[in-house]
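Okay, structure first, notes after.
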Amino acid sequence: MSENQQNSVVEAGFRLKKTVVMVGMMGAGKTAVGRGLAVRLGVPFLDSDAEIESAANMTVPEIFERDGEPFFRTKETQVISRLLDEERGILSTGGGAFLAEENRANISERGVSVWLNADLALLWQRVRHKDTRPLLRTADPRATLAEIYSARVPLYALADVTVPSMPDLSIDEMVDRVIATLLAERPDVLEKVDA
């Protein structure tokens, strides 16, 4: 995309017609890019993990520890479904949310999924110093991340739209990429409006 095209994306106003659901691996930038996208479009930013934590009055790692992953996944599906129905905006989901067929179907029916596709090296660089990832609390978190990545990529590839996540791009540049990709591939999601 040329610099002029990127500038026109940034300067144009848009009306969001469907909820945009950010999917991908932990560390791909779903929350940061999602927040930036919501600000740019002037719509609410929603985070399924934050909604679950608020309802449970516990962190995701605490829920995993106390109730187990199956319980968490059930609650996650309920929350994503509710958020898709309640308000049009940008929805960031946990890394495992898109693995469930029910979530993929709900998202495609009532919104659009955007996979932030980051490679394994970038993901490891971003998550290696964080202890808030319950699935990486293993003897070899790098190997665990690689296993999760290998298992999940084929399912993330089912997303409606894919945007490569590059280490040298700022959050604003990633937001530009998401908007440009949606305009090019999903004209039913964003409508340009005159300022």
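The values are calculated or read from the model by the stated rules, or taken from the named source; none is laboratory data. Fair warning: this is a prediction, and the values are worked out from it, not measured in the lab. Methodologically, a virtual Cβ is constructed for each residue, glycine included, from the backbone with ideal geometry; neighbour enumeration extends over all protein chains shown.
Could you grab me the full set of residues in region 106-129 that are in contact with a Gly (Cβ under 7 Å, 6 or more places away or on another chain) and part of a helix (DSSP H, G or I)?
Once the filter is applied, which keeps residues that are in contact with a Gly (Cβ under 7 Å, 6 or more places away or on another chain) and part of a helix (DSSP H, G or I), region 106-129 yields L123, R126, V127.
Within region 37-62, how many residues are in contact with an Asp or Glu (Cβ under 6 Å, 6 or more places away or on another chain) and either closer than 19 Å to D176 by Cα or of a type in the set (K, R) (or both)?
The total comes to 1.
Could you please give the count of residues in region 89-105 that are in contact with a strand residue (DSSP E or B) (Cβ under 8 Å, 6 or more places away or on another chain), in a helix (DSSP H, G or I) and hydrophobic (A, V, I, L, M, F, W, C)?
So the answer is 2.
Across region 102-121, what is the number of residues that are closer than 23 Å to A146 by Cα, at pLDDT 95 or above and charged (D, E, K, R)?
Residues in region 102-121 being closer than 23 Å to A146 by Cα, at pLDDT 95 or above and charged (D, E, K, R): 1 in total.
Every residue, every condition in (1) out of contact with any Leu (no Cβ under 8 Å at 6 or more places or on another chain); (2) over 16 Å from K192 (Cβ atoms); (3) surrounded by 14 or more Cβ atoms within 10 Å (Cβ to Cβ); (4) modelled with pLDDT under 95, yes or no:
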residue: Q6; (1), (2), (3), (4): yes, no, yes, yes
residue: R15; (1), (2), (3), (4): no, no, no, yes
residue: V20; (1), (2), (3), (4): no, no, yes, no
residue: G42; (1), (2), (3), (4): yes, no, no, yes
residue: D47; (1), (2), (3), (4): no, yes, yes, yes
residue: A50; (1), (2), (3), (4): yes, yes, yes, yes
residue: N57; (1), (2), (3), (4): yes, yes, no, yes
residue: P61; (1), (2), (3), (4): yes, yes, yes, yes
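Within region 152-161, is there a residue that is surrounded by 12 or more Cβ atoms within 10 Å (Cβ to Cβ), closer than 15 Å to A121 by Cβ and among the aliphatic types (A, V, I, L, M)? First the steps, then the outcome.
Residues of region 152-161 surrounded by 12 or more Cβ atoms within 10 Å (Cβ to Cβ): 152-153, 155-156, 158-161.
After this cut, where a residue has to be closer than 15 Å to A121 by Cβ as well, the list is 153.
Then drop every residue that is not among the aliphatic types (A, V, I, L, M), which leaves 153.
Within region 152-161, one or more residues are surrounded by 12 or more Cβ atoms within 10 Å (Cβ to Cβ), closer than 15 Å to A121 by Cβ and among the aliphatic types (A, V, I, L, M).
Within the group L122, L91, which residue is out of contact with any Pro (no Cβ under 7 Å at 6 or more places or on another chain) and closer than 25 Å to M166 by Cβ? Steps first, answer last, please.
Numbers: L122 fails: out of contact with any Pro (no Cβ under 7 Å at 6 or more places or on another chain).
Answer to the selection: L91.
Whether any residue in region 66-75 is touching a residue at least 40 places away in the same chain (Cβ under 8 Å) and aromatic (F, W, Y) is what I want to check.
no
May I ask you to say which residue of F14, F72 is outside any loop (DSSP other than H, G, I, E, B) and farther than 28 Å from P164 by Cβ? Break it down stepwise before answering.
Details: F14 fails: farther than 28 Å from P164 by Cβ.
Being outside any loop (DSSP other than H, G, I, E, B) and farther than 28 Å from P164 by Cβ holds for just one of F14, F72, which is F72.
Please list, ordered by first then second residue, the pairs with beta carbon atoms under 6 Å, 6 or more apart or interchain, first in region 125-146 and buried (at least 17 other Cβ atoms within 10 Å of the Cβ), second at pLDDT below 75.
V127/R133
Within region 81-94, is there a residue that is basic (K, R), more than 13 Å from the chain's Cα centre (by Cα) and at pLDDT 90 or above? Before you say what the answer is, go through the steps one by one.
Going residue by residue through region 81-94, those that are basic (K, R) are 82, 88.
Remaining after also requiring more than 13 Å from the chain's Cα centre (by Cα): 82, 88.
Filter once more, keeping what is at pLDDT 90 or above: 82, 88.
There is at least one residue in region 81-94 that is basic (K, R), more than 13 Å from the chain's Cα centre (by Cα) and at pLDDT 90 or above.
Just the residues that are within 28 Å of V112 (Cα to Cα) and more than 17 Å from the chain's Cα centre (by Cα), please, taken from region 64-77. Break it down stepwise before answering.
In the first step, residues of region 64-77 are kept if they are within 28 Å of V112 (Cα to Cα); the result is 64, 69-77.
If the condition is that a residue be within 28 Å of V112 (Cα to Cα) and more than 17 Å from the chain's Cα centre (by Cα), then F64, E69, P70, F71, F72, T74, K75 are the ones that fit.
Output the residue which, of all residues in region 162-195 that are assigned to a loop (DSSP other than H, G, I, E, B) and either in contact with a Pro (Cβ under 9 Å, 6 or more places away or on another chain) or not aliphatic (A, V, I, L, M) (or both), is surrounded by the most Cβ atoms within 10 Å (Cβ to Cβ). Steps first, answer last, please.
Looking only at region 162-195, we keep the residues that are assigned to a loop (DSSP other than H, G, I, E, B), and these are 165-170, 186-189, 194-195.
This time we only want the ones that are either in contact with a Pro (Cβ under 9 Å, 6 or more places away or on another chain) or not aliphatic (A, V, I, L, M) (or both), so: 165, 167-168, 170, 186-188, 194.
Working: S165: 23, P167: 10, D168: 5, S170: 10, R186: 16, P187: 11, D188: 10, D194: 5.
In this case the residue turns out to be S165.
Going through region 22-62 one residue at a time, which ones are without any contact (Cβ under 8 Å) to a residue 12 or more places away in the chain and assigned to a helix (DSSP H, G or I)?
V39, A50, E53, S54, E62
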